[in-house]
Amino acid sequence: MTSQSSDPHAASDVPSRAPSAIAVDDEVLPFEIDSLDLRGRMVRLGPALDDILTKHDYPAPVGKLLGEAIALTALLGSALKFQGRFLLQTQTDGPVSFMVVDFKSPDQIRAYARFDKARLAEGLSSGALLGNGHLAMTIDQGAHMSRYQGLVALHGGSLEEAAHEYFLRSEQIPTRVRLAVGEEWRGEEGGPKHRWRAGGMLLQFLPQSTERARQADLHPGDAPEGTAPHVVAEDDAWVEGQSLIATVEDLELLDPDLSGERLVYRLFHERGVRVFSPQSVRAQCSCSREAVAAMLASFEPADRTDMVKDGQVEVTCEFCSSVYRFTPQEAGVEDQAPGAP
């Protein structure tokens with residue numbers, strides 16, 4: 001049975017009900033398996049993801065990888081309990097050399113990827129597309145608050161593996177993540193319509209007991225040769241949780257006709273699972289003409305002059321592809337005559 005509440009810390013006597021059969025896109029569904037000390041979130045992305053990816057017409061391998069990054073960011077950014085931003089960024093030597101996903105609480109998300117088309121090939125895994133480099137996750141609490149950033153080295157692994165490493169090293173919270181991205185074709189008037197879809201699930205072991213939360217010490221890197229690694233036996237509840245989330249198939253995460261509640265219930269019903277009020281996610285860029293003008297004002301005068309082409313300054317937002325045009329005077333090029341080269 002499932003129950004629903006807007007408060008993840010609510011008492012466990014909330015009335016039970018059957019899981020909703022209504023599948024909803026662009027939502028994050030928090031849930032809890034109290035008997036195993038597990039908490040999680042599930043995300044389903046449809047129109048929001050499709051809007052972001054189709055604005056750039058990314059090749060399929062790039063769209064799939066960026067879609068995974070967007071789903072992961074939605075899972076993590078939706079957990080913010082304050083007005084702020086969660087940013088996921090990769091910088092690597094792979095065919096997809098740069099990605100950034102920006103989640104602005106409570107529900108706005110945007111993303112962009114830079115890639116080398118000549119290096120793309122069919123069948124490349126997400127790890128091969130990324131290559132070697134680093135992944136950064138940044139929590140920005142606003143202008144008057146400190147920023148927190150965690151870095152994870154990338155060595156040809158997937159975003160799922162990078163997320164596991166991040167939580168192990170930065171948060172020390174046992175965590176497992178599943179991500180899936182797919183292309184959907186649906187017959188419509190005028191011919192088949194292509195759409196992007198993504199799904200993801202995050203599961204964490206959060207026991208109240210300090211002893212049960214203990215983890216093995218990380219390898220210091222300079223221990224004498226032959227030093228035995230520190231080992232802590234995994235809690236049985238976490239072993240069970242990992243086994244359950246490992247059974248989730250990509251098709252289940254992407255299925256537009258399978259509701260998030262039914263999937264969560266399918267996985268965890270034997271242990272009793274509670275779901276909480278879902279959080280919406282929408283594609284929304286934060287660029288504006290005023291923000292672009294402020295950016296131009298921060299450039300050196302010579303740089304602004306060099307930007308004048310055909311009598312105007314044109315700036316394209318990398319996130320949403322919006323184009324902003326300014327006269328030289330509006331861009332602060334006071335001595336540039338209109339129409340001058």
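Table for the structure above
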read-out: Answer residue from region 79-101, given it is among the small types (Gly, Ala, Ser) and either in a helix (DSSP H, G or I) or at pLDDT below 95 (or both) and is nearest to the chain's Cα centre (by Cα) among those; value: ALA79
read-out: Any hit, region 129-141, residues being exposed (fewer than 12 other Cβ atoms within 10 Å of the Cβ) and acidic (Asp, Glu); value: no
read-out: Checking ALA10 against (1) among the aliphatic types (A, V, I, L, M); (2) modelled with pLDDT under 65; (3) surrounded by 19 or more Cβ atoms within 10 Å (Cβ to Cβ), the condition it does not meet; value: (3)
read-out: Of all residues making up region 206-216, the number that are surrounded by 10 or more Cβ atoms within 10 Å (Cβ to Cβ) and modelled with pLDDT under 90; value: 5
read-out: Helices (runs of 4 or more DSSP H) within region 217-287 that include 1 or more residues modelled with pLDDT of 90 or more and of a type in the set (Ser, Thr, Tyr); value: 236-245, 260-268
read-out: Residue match in region 119-128 (condition: of a type in the set (D, E, K, R), loosely packed, with under 15 Cβ neighbours inside 10 Å and touching a residue at least 12 places away in the same chain (Cβ under 8 Å)); value: yes
read-out: Residue check for SER146: touching a helix residue (DSSP H, G or I) at 6+ places or on another chain (Cβ under 8 Å) and at pLDDT below 95; value: no
read-out: Single condition PRO61 does not satisfy, out of (1) farther than 30 Å from PHE268 by Cβ; (2) outside any helix (DSSP H, G or I); value: (2)
read-out: Members of region 266-295 found to be among the aliphatic types (A, V, I, L, M) and either within 28 Å of MET201 (Cβ to Cβ) or touching a helix residue (DSSP H, G or I) at 6+ places or on another chain (Cβ under 6 Å) (or both), listed by number; value: LEU267, VAL273, VAL275, VAL281, ALA283
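Residue-by-condition table, conditions (1) under 22 Å from THR92 (Cβ atoms); (2) assigned to a strand (DSSP E or B); (3) of a type in the set (A, V, I, L, M); (4) over 18 Å from the mean Cα position of the chain (by Cα):
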residue	(1), (2), (3), (4)
ALA128	yes, no, yes, yes
MET145	no, no, yes, yes
GLN149	yes, yes, no, no
VAL152	yes, yes, yes, no
GLU165	yes, no, no, no
ARG169	yes, no, no, yes
ALA180	yes, yes, yes, no
GLU184	no, yes, no, yes
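So that you can scan it fast, the table gives a plain yes or no per residue for (1) closer than 22 Å to ALA79 by Cβ; (2) surrounded by 12 or more Cβ atoms within 10 Å (Cβ to Cβ); (3) over 30 Å from the mean Cα position of the chain (by Cα):
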residue: ASP255; (1), (2), (3): no, yes, no
residue: PHE268; (1), (2), (3): yes, yes, no
residue: ARG274; (1), (2), (3): yes, yes, no
residue: THR305; (1), (2), (3): no, yes, yes
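The values are calculated or read from the model by the stated rules, or taken from the named source; none is laboratory data. Just so we're clear, the structure is a prediction, and the values are computed from it rather than from any experiment. Please note: Cβ atoms are built from the backbone with ideal geometry, for glycine as well, and neighbour counts cover all protein chains shown.
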